[in-house]
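Notes follow once the structure below has been shown.
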Amino acid sequence: MEQPGRMKSMARYNAKTTEAKWQAAWTAAMTFQAVENPDKPKYYVLEMFPYPSGRIHMGHVRNYAMGDVVARYKRARGFNVLHPMGWDAFGLPAENAALEKQIHPAKWTYENIANMRSQLQAMGLSLDWSREFATCDVEYYRQQQKLFLDLLKSDLAYRRESWVNWDPSENTVLANEQVIDGRGWRSGVAVERRQLSQWFFRITAFEDELLDALGDLDRWPDKVRLMQANWIGRSEGTRLRFAVKHNGAEIEVFTTRPDTIFGASFLALSPDHPQSAALAAENPEIAAFVAECRRQGTSEEAVEKAEKLGFDTGLRAQHPFLEGVELPVYIANFVLIGYGTGAIFGCPAHDQRDLDFARKYDLNVLPVVIPSGIDSTDFTVGTEAYTGPGRLENSEFLNGMSIDDAKGEIARRAEAGKFGTRETMYRLRDWGVSRQRYWGCPIPVVHCDDCGPVPVPEADLPITLPDDVTFDRPGNPLDRHPTWGATNCPACGKAARRETDTLDTFVDSSWYFARFCSPRAEQPLDRAAVDYWLPVDQYIGGVEHAILHLLYARFFTRAIKKSGHLGITEPFAGLFTQGMVCHETYRDESGNWLEPTEVNRNDAGQLVRMDNNAAITIGRSEKMSKSRKNVIDPEDIIERYGADTARWFMLSDSPPERDLEWTDSGIEGAWRFTGRIWRIIEEAAADLPPAGLAGPDHFSAPALALRRITHQAIAAVTDGIERFQFNVSVARLYELANALGSFKAGDGSGERWAQREAIETLVVMVGPMMPHLAEEAWQALGQTGLLADAPWPTLDAGLLVEDTVTIAVQLNGKVRDMLEIARDQPENEVREAALALDKVRAAVADKTVRRVIVVPNRIVNVVV
RNA sequence: GCCCCCUUGGCGGAACUGGCAGACGCACGGGACUUAAAAUCCCGAGACCGAAAGGUCGUCCCGGUUCGAGUCCGGGAGGGGGCACCA
């Protein structure tokens, strides 16, 4: 195969030198440095900042290619664009690297940043690098510590006990992903759940607001808004108190279905419920059962999927509405302590989990909601609970009511009898921000035996991480550092210990977008700068951040607004979530994954191992990942084809929100197109009229036709970018290039002029996607300024509409013929013209025309 | 388990608000250029029947609404995502 760099044809476009040339030109002219300018409309484009893993991957290329299209396009439309870049630089991988490679997390991180920065710079992104920072910069986390103190002041940060995954052999807290089948990923030892005193942010203070405001985020994907709404999980329900028969205790349950109370056949407590603990203390069997439950995973999924298990405590609770009816009290593994009251009443007929449980423990299943049209005596519940609509039966005073009325009636009676209240419950829990790790922002608090936790005075900030730490032993290096933790209480002066927890890295990413407005400010944020730039007009990133990062950032914005750091409520006015980059997977005969570079196509067209020509198995396409070895290194691609080609391929074909399939032929096609554009320009440039010349009054037919195509392309490409359909914009650019490729300019009036117009339009509109090639072409066309500063082409709407239209003529809904007719003809004329067509006459023949539907300029449907 | 999304030629996909399905690209076939190849350029192409003209079928499956459905509604199948310490 021919090497791209050694093409012998007339196209001498050299991506490597050209890209470097224009990158240097943009830097020299400080083209992308953003300066506040109240006279210009601002536009803040932001891609989710990367974790500095050391190398960019194709997901980054796709993300930043999209963001750059928006940034450069908005610049061309006259906006003052802010497009910054930084590093989400704290987190676990640096500590893992420290452990594995004996390299300090800071050194590892900053080396990675340097490497990735140069990789990103090779992409030719229109970034303002003067605003760059990393969240592990002392200056950044110093400002973050101030924000933490403000959260403490406004009572949005607090401390309480909470459950964690504890690895007893490594003496460390594990992330969920570090727990595999209930065991620590490194130690292989069974993980325990343990309570630890930890810091929390009171996100629940904004739960209603965070939910309700989703409705106004109309430039967010519905999917993300729905995921956040489900996450917050507001539900209206009733809290009911049940009296326990023999010990006089009470059990409070929360239910969203109080209407089904007469179908209740048991109560169930979470294993983590205080009463379960009390019972366990007296009964070793219960203690064993609770311990068993704690070995099951903590995620909602694990809890819901596990076999429903219960333990009959022997306690009996009085039914609140049925004298003499007692319900057994179980401890059950499917009741979550974190939601509601940690106790439920079970109505098996109308809840699947309760039904599964009831079948297992042979409890009564009494239907109390009957679907309309079915007699209650005919209605039975087998293995599937009935959760649909209906009327109440078998329910005393509720009989005949709708579900909603019955819910209201129970709540009223419970409130009147003082054994229950209406209540709104949320699934959302406060945000636990404590991490027992080194590589994070130290929490600026001192623990004093007398005063308790005391905030560090602002003047004493930053609390910096000590450099002399080791990772040869498990556990938190801050905790076992010989001197770092020792200090004096800011309140009483007595000897005290520093907080050794660091902040969740989601805190770092909850305000970085605001810091970009004034990255060197002495305070966390400069009000004038954030008031000018915020909110982010277009945020772009992976859908994997749909819930946590975006919800935390929305919370944090509200939290720091309370302290006056900024004035906005919602940080991201527009959000776009891109799809992943995928590639086929390859395995050899023994099932080992193979990299694409280890695989070759043989003469028979089959993929084989490059080293020994052995057959391989091609697996389905999956997200590029190191574990499956199906990765393509962007650096190799940029080295071989150039950044423009890589960017163009990322934007072609696949809709941005969907997954993109990486193929060799796809990148080859993109690369061919760069050559094609360059040829079009080289062949035409010499014969074009000078730049900036006014057009003639009259255009020949071919010139006019080309102008129509040009302006139709302007409309379509612009629309595609505005609607985040870059693949459609790309297709329209191909069409324009195709039209130019076959256009032969003759002596007809305005033909050369129309050709220049079309070529310049192509170049300007290709600019946001392939900026280097476009700059080079712009120069070749005799332009003196930078294309990056050139305006977007102006649409002449008069050239969009043709004089005649082709109307499809249908008979009973099936297309039978076409009708060429002047556009915007009166309806009756179109109808007559259609009926006069031979095919229509033949088909109608002796039948009566019952109806003729005319859609102007589109379609005629003759119904016989 | 619960919640959500997706499904259109050999492939990626296009189709504004219910109005000509398959734009554009990839792969493929034929041709031009070339000693030859590569590159480039031109032409072809949803499937089936047909020499052709033309016809029939066709947007995962089944049903519905409508003059008209890829698009709206109901049911189903297959694939994917999220579910609280990965970032």
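Identify, from the list A:Ser665, A:Ser729, the residue that is assigned to a helix (DSSP H, G or I), farther than 22 Å from A:Trp778 by Cβ and within 11 Å of RNA strand B (Cβ to nearest atom).
Going through A:Ser665, A:Ser729 in turn, just one is assigned to a helix (DSSP H, G or I), farther than 22 Å from A:Trp778 by Cβ and within 11 Å of RNA strand B (Cβ to nearest atom): A:Ser665.
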Review point. Failed condition for A:Ala268, given (1) assigned to a strand (DSSP E or B); (2) surrounded by fewer than 17 Cβ atoms within 10 Å (Cβ to Cβ); (3) under 41 Å from the mean Cα position of the chain (by Cα), with all others met?
Key: (2)
Check your understanding: Out of the residues in region A:296-315 that are surrounded by fewer than 17 Cβ atoms within 10 Å (Cβ to Cβ) and away from RNA strand B (no atom under 16 Å from the Cβ), which is farthest from A:Ile344 (Cα to Cα)?
Key -> A:Gly314
**Study point:** Residues being crowded, with 19+ Cβ neighbours inside 10 Å and farther than 23 Å from A:Leu309 by Cβ - total across region A:238-259
**Key:** 5
Practice item. Kindly indicate which of A:Phe262, A:Phe321 is part of a helix (DSSP H, G or I) and either acidic (Asp, Glu) or surrounded by 17 or more Cβ atoms within 10 Å (Cβ to Cβ) (or both). Key: A:Phe262
Check your understanding: Exactly one of (1) within 15 Å of A:Phe262 (Cα to Cα); (2) in a loop (DSSP other than H, G, I, E, B) is unmet by A:Glu307. Its number?
Key -> (1)
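From A:Leu787, A:Leu781, A:Leu762, grab the single residue that is in contact with a helix residue (DSSP H, G or I) (Cβ under 7 Å, 6 or more places away or on another chain) and surrounded by fewer than 20 Cβ atoms within 10 Å (Cβ to Cβ).
Checking each option against the conditions leaves just A:Leu781.
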Check your understanding: Quick one: A:Gly340 ticks every box in (1) within 16 Å of RNA strand B (Cβ to nearest atom); (2) modelled with pLDDT of 85 or more; (3) crowded, with 21+ Cβ neighbours inside 10 Å bar one, so which box is it?
Key -> (2)
Check your understanding: Are any residues in region A:212-235 surrounded by fewer than 12 Cβ atoms within 10 Å (Cβ to Cβ), over 14 Å from the mean Cα position of the chain (by Cα) and within 10 Å of RNA strand B (Cβ to nearest atom), and if so, which ones?
Key -> A:Asn230
Check your understanding: If we keep just the residues of region A:552-564 that are in contact with a Leu (Cβ under 7 Å, 6 or more places away or on another chain) and among the aliphatic types (A, V, I, L, M), which is nearest to A:Thr204 (Cα to Cα)?
Key -> A:Ala559
Point to revise | Qualifying residue in region A:443-452 (condition: touching a Leu at 6+ places or on another chain (Cβ under 8 Å) and either modelled with pLDDT under 95 or surrounded by fewer than 21 Cβ atoms within 10 Å (Cβ to Cβ) (or both)) | key: no
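Please find, among A:Thr377, A:Thr387, the residue that is outside any loop (DSSP other than H, G, I, E, B), surrounded by fewer than 16 Cβ atoms within 10 Å (Cβ to Cβ) and of a type in the set (Ser, Thr, Tyr). Steps first, answer last, please.
Working: A:Thr387 fails: outside any loop (DSSP other than H, G, I, E, B).
Result of the check over A:Thr377, A:Thr387: A:Thr377.
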Revision key, fill the gap. Filter region A:680-704 for residues that are in a helix (DSSP H, G or I) and loosely packed, with under 15 Cβ neighbours inside 10 Å; the one that is modelled with the highest pLDDT is A:Ala701
**Study point:** Residue within region A:407-418 that is part of a strand (DSSP E or B) and not aliphatic (A, V, I, L, M) present
**Key:** no
Practice item. Quickly run through region A:708-726 and pick out the residues that are closer than 19 Å to A:Gly798 by Cα, surrounded by fewer than 18 Cβ atoms within 10 Å (Cβ to Cβ) and within 10 Å of RNA strand B (Cβ to nearest atom). Key: A:Asp719
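Answer yes or no as to whether A:Phe699 is aromatic (Phe, Trp, Tyr) and at negative phi.
On the way: aromatic (Phe, Trp, Tyr): yes; at negative phi: yes.
It is true that A:Phe699 is aromatic (Phe, Trp, Tyr) and at negative phi.
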Study note, to complete from the structure: Taking first residues from region A:670-686 that are within 21 Å of A:Ala745 (Cα to Cα) and second residues anywhere that are near RNA strand B (Cβ under 10 Å from one of its atoms) and not aliphatic (A, V, I, L, M), the pairs with Cβ under 7 Å that are 6 or more apart or on different chains are A:Ile680/A:Gly741
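Filter region A:349-359 down to the residues that are within 14 Å of RNA strand B (Cβ to nearest atom) and assigned to a helix (DSSP H, G or I), then identify the one that is nearest to A:Arg241 (Cα to Cα). Full working, then the answer.
Step one: filter region A:349-359 for residues within 14 Å of RNA strand B (Cβ to nearest atom), giving A:350-357, A:359.
Going one step further and asking which of them are assigned to a helix (DSSP H, G or I), we end up with A:350, A:352-357, A:359.
Values: A:His350: 21, A:Gln352: 23, A:Arg353: 22, A:Asp354: 19, A:Leu355: 22, A:Asp356: 24, A:Phe357: 22, A:Arg359: 25 Å.
For region A:349-359, the residue satisfying everything is A:Asp354.
Return yes or no: is A:Tyr51 modelled with pLDDT under 95, in contact with an Asp or Glu (Cβ under 6 Å, 6 or more places away or on another chain), farther than 23 Å from A:Ser652 by Cα and of a type outside the set (A, V, I, L, M, F, W, C)?
Details: modelled with pLDDT under 95: yes; in contact with an Asp or Glu (Cβ under 6 Å, 6 or more places away or on another chain): yes; farther than 23 Å from A:Ser652 by Cα: yes; of a type outside the set (A, V, I, L, M, F, W, C): yes.
It is true that A:Tyr51 is modelled with pLDDT under 95, in contact with an Asp or Glu (Cβ under 6 Å, 6 or more places away or on another chain), farther than 23 Å from A:Ser652 by Cα and of a type outside the set (A, V, I, L, M, F, W, C).
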Practice item. Scan (1) of a type outside the set (A, V, I, L, M, F, W, C); (2) more than 14 Å from RNA strand B (Cβ to nearest atom); (3) over 35 Å from the mean Cα position of the chain (by Cα) for the single condition A:Thr383 breaks and write down its number. Key: (2)
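What do you reckon, is A:Thr557 modelled with pLDDT under 85, more than 14 Å from A:Val224 (Cβ to Cβ) and surrounded by 15 or more Cβ atoms within 10 Å (Cβ to Cβ)? Step through it out loud before you land on a result.
Details: modelled with pLDDT under 85: no; more than 14 Å from A:Val224 (Cβ to Cβ): yes; surrounded by 15 or more Cβ atoms within 10 Å (Cβ to Cβ): yes.
No: the conditions fail for A:Thr557.
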Point to revise | Evaluation of A:Asn171 against (1) touching a Phe, Trp or Tyr at 6+ places or on another chain (Cβ under 7 Å); (2) modelled with pLDDT under 90; (3) polar (S, T, N, Q) (one fails), failing number | key: (1)
Exercise for review: Considering only region A:67-116, state which residues are surrounded by fewer than 21 Cβ atoms within 10 Å (Cβ to Cβ), part of a loop (DSSP other than H, G, I, E, B), in contact with a helix residue (DSSP H, G or I) (Cβ under 8 Å, 6 or more places away or on another chain) and in contact (Cβ under 8 Å) with a residue 24 or more places away in the chain.
Suggested key: A:Asp88, A:His104
**Study point:** strands (runs of 3 or more DSSP E) enclosed by region A:541-654 - at least 1 residues per element that are without any contact (Cβ under 8 Å) to a residue 12 or more places away in the chain and not small (Gly, Ala, Ser)
**Key:** A:599-601, A:607-609
Review point. Hey, any hits in region A:650-657 for a residue that's buried (at least 19 other Cβ atoms within 10 Å of the Cβ), within 16 Å of RNA strand B (Cβ to nearest atom) and farther than 26 Å from A:Tyr539 by Cβ?
Key: no
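The values are calculated or read from the model by the stated rules, or taken from the named source; none is laboratory data. Just so it is clear, the structure is predicted and the values come from calculations on it, not from any experiment. So basically every Cβ, Gly included, is an ideal-geometry build from the backbone, and we count neighbours across all protein chains shown.
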